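What follows is one structure encoded as structure tokens, with my remarks underneath.
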Amino acid sequence: MTPRLAERVRTVLRVAESVRVHAAGVHGEVDLYGVDPDGSVVLVIAETDPLVLAVRDAVDDPPVLLTATDLCPVPVADRQRGRVELTGRIHEPPPELRRELALVAADREDIGRLLDIGYGHTVLVVEVWDAALFDGTTRFVDAVSGAEYAAAVADPLAGVEAALLDHLLTVHPAELAQLASLVPGDAGDRITPIRLDRYGLVFRAGRTDHRLAFAEPVTCPRQLPAQMRALLARAGYPSAATVRSGGPNSPG
């Protein structure tokens, strides 16, 4: 089992370091943003930014193209795991709604700019029509309708995936080596874990990615240790039954 396309789109938006926005003849990078449960993308941006000025000058809400890139959180030769492109319309909401909308960006850990809403910063909202998903080679994968996108949610491990992969690499190299034995590849291939989601652990061997699927998808990080122990048992790791959690969000 692998993530559905709409779920992958929402996950990329959850983990991307920034989004690229093209609207009203202006383009720019926004690093403080969030996604409402309905899928609307909320951008926190300086009031003097050319994008804000262009949106304010537009007669109607202008169409927008928003791009987000999914970068692998561990060192690999090609870090780009995928890209999404969203189309829709962009507008600046009324002043009384801006602070409330900005709260969806609060987990980006830049409270200073959130406090500046109305005092140097404002909020732009992208209402999404549809989305397109591209793989790590920028090859088009498929389109996602607005309804599918709105109904989807990001992977429950997305917010902690980087920390979990780092934990595996630094604390559990022996266990990772045993799991890598399940991955097909040439003898000279470097085998590296590049993705961890609710469906399993993905390794890259050479130029090919291989998924080691969990017996059951997880719904939160606390369910991860049991699924990792099951993978280790499948790989024949002798201490799989005694692997202990390194913390409440640790895979082992």
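The values are calculated or read from the model by the stated rules, or taken from the named source; none is laboratory data. All values derive from a computational prediction rather than experimental measurement. When we count neighbours, we look across all protein chains shown, and the Cβ atoms used for this are built from the backbone with ideal geometry, even at glycine.
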Extreme residue, nearest to THR11 (Cα to Cα), among residues of the stretch 184-198 that are touching a strand residue (DSSP E or B) at 6+ places or on another chain (Cβ under 6 Å) and at pLDDT 90 or above: ARG195
VAL21 of a type outside the set (Ser, Thr, Tyr), surrounded by 15 or more Cβ atoms within 10 Å (Cβ to Cβ), in contact with a helix residue (DSSP H, G or I) (Cβ under 8 Å, 6 or more places away or on another chain) and over 28 Å from GLY159 (Cβ atoms): no
Extreme residue, nearest to LEU86 (Cα to Cα), among residues of the stretch 44-67 that are at pLDDT 95 or above and surrounded by 20 or more Cβ atoms within 10 Å (Cβ to Cβ): LEU66
Matching residues in the stretch 40-55 - criterion: being under 18 Å from PRO94 (Cβ atoms) and not aliphatic (A, V, I, L, M): SER40, GLU47
So VAL52, is it in a helix (DSSP H, G or I), in contact (Cβ under 8 Å) with a residue 24 or more places away in the chain and of a type in the set (A, V, I, L, M, F, W, C): yes
Tally of residues being among the basic types (Lys, Arg) and buried (at least 21 other Cβ atoms within 10 Å of the Cβ) across the stretch 179-228: 3
Top-ranked residue in the stretch 109-133 [being charged (D, E, K, R) and within 25 Å of ALA54 (Cβ to Cβ); ranked as surrounded by the fewest Cβ atoms within 10 Å (Cβ to Cβ)]: ASP110
Residue count, the stretch 24-35 (criterion: part of a loop (DSSP other than H, G, I, E, B) and crowded, with 16+ Cβ neighbours inside 10 Å): 2
The stretch 134-155, residues that are under 22 Å from ASP36 (Cβ atoms) and either of a type in the set (S, T, N, Q) or surrounded by fewer than 19 Cβ atoms within 10 Å (Cβ to Cβ) (or both): ALA143, SER145, GLY146, ALA147, GLU148, ALA150, ALA151, VAL153
